[in-house]
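Readers should treat all values here as calculations from the given coordinates under stated rules, not as data from a laboratory. Keep in mind that what you see is a predicted model, and the values were worked out from it rather than measured. No Cβ is skipped: glycine too gets one built from the backbone with ideal geometry, and neighbour counts run over all protein chains shown.
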Amino acid sequence: MPELTTLLDQLIETTPPADDPSGRTTFDALHTLRLMRNIVDHQIVLHTTQLEGLGVAQKAGSTTKKLLIEMGHAPAAAHRTMRIVDALPTLPTVDRHGADGRLSTEIVDAIVRGMNHIEKRCSRALSEDERTSREIELTGQALSGATPAQVLEHARTIGHTLADATDTDIPAADDAGLNTVNAHTTDDGRVAIRADLTQVTGEKFLSMIDDRACPRPEPDGADDRRSAEQRRADALELILDQAALGASIDSVGSPRTQLVVTIPAVGDPATLPWTGTVSQATTKQVACDGSLTEIILDGEGVPLQMGQTRRLFPAHLRKAVIVRDRCCIKCGAPPSHTQVHHIAHWADGGTTDLDNGCLLCQRCHTQVHHHGWGIVMGFDRHPWLVPPATIDPQRRPLPAYNRRTMRLDSAA
Ligand SMILES: [Zn+2]
Ligand SMILES: [Zn+2]
């Protein structure tokens, strides 16, 4: 396609104007570039539709989506393109405004998802007229400047109205068919989770979170420094650990989720299967209570050894630590919420014995490994907490939780 290639060359040579003190020219150029991008995205959909119609990928035993990814389209973009390809023949208004560049591919996709949602919510098939009027309604909203999220929200409202109109429908709140859970890794290497659940599933979630998210006083007597959001996140981790252990957790059971970390032979960072590279501090924390299986690779990428749960505190030692500490030594969380922390990490020569272990809940364990809280074994053979300098500049040791409360009791 010589014309397209020439256009592309011209575009690549385009640079922001050197002399534009008011920014007007640059602003106008940006506006034009946005329209061009929208038009190009629309063309990608049209060309993909053609490819799909010709069955090019199918003849090679593949799918058009896979073909797009192989060509270099990002997987999420390819997924979105295919969703639009499937829906566009039934959405002429969207098609028209996509073609003239007025609708971005993100907003087109929101309308497509909105229309899919409306159809799913309605037990009978939408009539041609209904479909057209809903399409025009959503497109009008998009053209008047609504964001993709607002368009989807509006589609959900329409869906509710349609579902309420026919009593044979399952109410949206009870419709498990609408349930979704999505997770993606963010640019920071964190994981963002989004869930849309039936009322009952949501209720289970909220009550389990609430049970585990109550504030606990800090070792220095201050109120819990975590925000409500942070407490809920800690509660979620606890639920995951407890689920990994099975339904019943006895008083000495340790909630542990088995993670597998792959350690390359030289240089490269360790990786986790779902979320990619992982920091050394995190690896140390996960390794600390034995919930880590390490797979060490040789130069050819072949596993050398499976260092299964190295230096794990065996049950009898864990019991002894529980007898001494009674609960998380920092916040007082019950033993079933705790892990045994190596005071001196085993990688640094720490031993696996009573004098080198102490009980910490997941949240406090993180505070110790990542946020400057220290632990020392006292001459009384009880663990003592050393606050970070940001909390106590003199870093005076504080007794473990059970000893603190004991002193309060005796002082009263
Ligand atoms: Zn704790
Ligand atoms: Zn630890």
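Placing unit charges on each Cβ (+1 for Lys and Arg, -1 for Asp and Glu) gives the stretch 2-173 a dipole about its Cα centre, and among 49, 39, 93 the Cα reaching farthest toward its positive end belongs to 49.
Full extension of the chain between residue 205 and residue 223 yields a length gain of 3.9 nm, computed as 0.36 nm times the residue separation minus the alpha carbon distance.
Would you please state the base-10 log of I(q)/I(0) at q = 0.08, 0.13 1/Å for the chain, with intensities from the Debye formula using one equal scatterer on every alpha carbon? Debye intensities relative to I(0), on a log10 scale: -0.71, -1.12.
For residue 66, go through the aspartates and glutamates and keep the ones whose alpha-carbon is under 17 Å away, minus same-chain ones fewer than eight residues off. Result set, ordered by chain and number: 52, 86. Helix 75-87 against the longest principal axis of the chain: what's the angle in degrees, Cα atoms only, rounded to the nearest 10? The two axes meet at around 40 degrees. The stretch between residue 214 and residue 302 holds 27.1 nm of extra length on full extension. This uses 0.36 nm per residue minus the Cα-Cα distance. Placing a label point 7 Å from the Cα of residue 76 along the Cα-to-Cβ direction, the residues of the stretch 92-123 whose backbone N falls under 18 Å from that point are 104-114.
Could you compute Rg(Cα) / (2.2 N^0.38 Å) for the stretch 2-173, with N its residue count?
Working: Rg = 19.2 Å, N = 172, 2.2 N^0.38 = 15.6 Å.
Rounded to two decimals, the normalised Rg is 1.24.
The amide H of residue 259, built 1.01 Å from its N in the peptide plane, has 292, 293 as neighbours under 5 Å, considering only residues 5 or more places off or on other chains. Distance distribution P(r), the stretch 307-392, all Cα-Cα pairs, bin width 5 angstrom from 0: 3, 15, 25, 28, 19, 7, 2, 0 percent.
Can you tell which of 191, 82, 338 lies farthest toward the positive end of the dipole of the chain, using +1 and -1 charges on the Cβ of basic and acidic side chains (Lys, Arg; Asp, Glu)? Farthest towards the positive end: 338.
In a simple Cβ point-charge model (Lys, Arg +1; Asp, Glu -1; nothing else charged), the stretch 27-132 has a dipole of about 300 debye relative to its Cα centre.
Pairs from the table (65/120; 59/120; 284/319) lying more than 25 angstrom apart at Cα are 59/120. One chain, two ends: residue 244 and residue 376. Fully extended at 0.36 nm per residue, the span grows by 44.5 nm beyond their Cα-Cα distance.
Taking Cα atoms only, the orientation of helix 228-245 departs from the longest principal axis of the chain by about 80 degrees. Over all distinct Cα-Cα pairs of the stretch 90-249, the Kirkwood formula returns a hydrodynamic radius of 19.0 Å.
For the chain, the longest principal axis of the alpha carbon atoms and the long axis of helix 148-165 meet at an angle near 80°.
For the stretch 189-229, report the translational diffusion coefficient in µm²/s to the nearest whole number, using Stokes-Einstein at 20 °C, 1.002 mPa s, and a Kirkwood Rh over Cα pairs. Show your work: numbers first, answer last.
Numbers: Rh = 12.7 Å.
D = 169 µm²/s.
In loop segments of the stretch 19-128 as defined by DSSP, the trypsin sites (Lys or Arg not before Pro) with at most 14 further C-beta atoms inside 10 Å of their C-beta are 124.
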